[in-house]
Amino acid sequence: QGKFITYTEEYYRKKSAKWQTSASVSEYLAKSVASLKMEKKLAEKHLHAESTKDKLIHACEQMILVGPDECYLNFILKSDTGVGYMLVNDQFDDLRNMHYVLSGNIGKQQPMADAMRDHIASKGFDIITKRAQQVKKAFSNKKQDEYKISDTFINELLDLYRKYDTLIKNEFNKD
């Protein structure tokens with residue numbers, strides 16, 4: 001069992017290093033998801049001891065997602081094509097893949113959740129700031145009708161809520 005797991009770790013350490021240097025985060029995640037699903041399927045089919053299955057999958061996840069000094073995790077979360085880029089560009093399939101690969105690693109989802117929270121808060125702040133500027137301009141022009149509650153303002157906030165609520169429900173299994 002020990003040699004098998006060590007061999008698997010080494011295999012995925014090399015694969016992950018290659019993926020990181022030759023792929024975007026999107027491609028890295030797609031390869032990670034495919035590899036993890038394949039390993040889980042093979043483990044179910046060929047390994048009989050639960051402890052061996054668990055150790056093998058954990059070894060795969062560690063090498064694919066965390067890597068030496070958390071370099072792969074940092075690549076996934078913080079690179080130019082990482083979670084922030086995916087949120088800005090509505091790459092929901094990639095975000096779902098990121099959630100999938102991080103879901104097996106307790107505590108590793110928090111940076112993704114933090115990035116999402118910051119992104120959503122920033123978008124909401126932009127909507128509020130825009131409305132505040134409109135109200136300020138209307139007030140200085142003494143146009144009272146224009147600084148009442150705006151349907152557009154409310155709809156923009158609701159659209160923001162709906163967009164990310166749907167993302168969390170549909171792509172992240174309500175996590």
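The values are calculated or read from the model by the stated rules, or taken from the named source; none is laboratory data. Please read these numbers as outputs of a predicted model, since none were measured by experiment. Methodologically, a virtual Cβ is constructed for each residue, glycine included, from the backbone with ideal geometry; neighbour enumeration extends over all protein chains shown. We work out accessible area using only protein heavy atoms, side chains counted, and drop any ligands, DNA or RNA first. Shrake-Rupley method; radii C 1.70, N 1.55, O 1.52, S 1.80 Å.
Would you rank I149, I5, I76 by solvent-accessible area, highest first, keeping every protein chain in place and using a 1.4 Å probe?
I149, I5, I76
Report, in whole Å, the centroid distance computed from the Cα atoms of the stretch 25-56 and the stretch 64-116.
Rounded to whole Å, the Cα centres lie 18 Å apart.
Considering only protein heavy atoms and a probe of 1.4 Å, how much of the accessible area of the stretch 32-90 is carbon and sulfur, as a whole percent?
After summing per-atom areas, the C and S share lands at 54 percent.
In this model, which of K137/K163; K123/K163; K3/K31 are farther than 20 Å apart at the alpha-carbon?
Result: K137/K163; K3/K31 exceed 20 Å.
Computed from these coordinates, which is Rg and Dmax of the Cα atoms in Å: [x] 21.9, 78; [y] 16.8, 62; [z] 19.0, 60?
[x]
Counting Lys +1, Arg +1, Asp -1, Glu -1, what net charge surrounds M86 among other residues with beta carbon under 15 Å of its beta carbon?
Computed value for this residue: -3.
Among the listed pairs K53/K78; K55/K108; K55/K78; K40/K78; K15/K40; K15/K37, which are separated by more than 20 Å between their Cα atoms?
Table pairs above 20 Å Cα-Cα are K53/K78; K55/K78; K40/K78.
Find the accessible area per residue for the stretch 48-166; the probe is 1.4 Å, ligands and nucleic acids are left out, and the unit is Å².
Per-residue accessible area for the stretch 48-166 comes out at 61 Å².
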